[in-house]
């Protein structure tokens, strides 16, 4: 079961990374263009996000019909829907980092293969933030 989980994770990661590369979303300039609503706005990221809604909506419906996932003993779903101060501050920090760098975690890791220097800087800062959070809680 553990090996199957790793294989499924690898396949999902490759699909996600391939989709990022194919759609151009691993390019920070494309992301910054989307966020530049008062300048030369590039709406392509919106099409990618909305394009993800249909398969995700289908996946949620399929998940409701399943007793357990194919490669695990139970689903790992969030246990809360509470919007609290930590969530809001984290979202603001995430959005600020995304806006400044033009990268979020998926494109950041994909960028290591495409444009290593800025991507490695981003990923190092991302990992440092994760370590800082681990020791702050």
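Please sort 74-82, 36-44 by packing, taking for each peptide the average over its residues of neighbouring beta carbons within 10 angstrom, highest first.
Details: 74-82: 7.0, 36-44: 10.7.
The most tightly packed comes first, giving 36-44, 74-82.
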R0 of 25 Å, Cβ-Cβ distance residue 133-residue 49: FRET efficiency to nearest 0.05
0.45
What label, among [x] 13.7, 39; [y] 13.5, 43; [z] 17.2, 50, belongs to Rg and Dmax of the Cα atoms in Å computed from the structure on display?
[z]
Compute the FRET efficiency between residue 37 and residue 85 as 1/(1 + (r/R0)^6), taking r as their Cβ-Cβ distance and R0 = 25 Å, and round to the nearest 0.05.
0.40
Enumerate the residues in segment 75-90 having an amide nitrogen under 19 Å from the point lying 7 Å beyond the Cα of residue 64 toward its Cβ.
75-81
Between residue 125 and residue 16, with labels modelled 7 Å along Cα→Cβ, what's the label distance in nm to one decimal, could you check?
2.1 nm
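With the Cα gyration tensor of segment 67-107 giving a ≥ b ≥ c as the square roots of its eigenvalues, does the rule (a/c under 1.5 for rounded; else a/b larger than b/c for prolate; else oblate) give rounded, prolate or oblate?
Here segment 67-107 falls in the oblate category.
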When the helices in the chain are scored as -39500 (n - 2.57) per DSSP H run of 4 or longer and the sum is shared across all residues, what 222 nm value do you end up with, to the nearest 500 deg cm²/dmol?
-24500 deg cm²/dmol
Peptides 119-129, 9-19 ordered by average Cβ neighbours within 10 Å, highest first
119-129, 9-19
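Taken together, the values in this text are just the output of simple stated rules run on the coordinates, not laboratory data. As the structure is a prediction and not an experimental result, all values here were calculated from the model. Quick reminder, even Gly has a Cβ in these numbers, built from the backbone with ideal geometry, and neighbours come from all protein chains shown.
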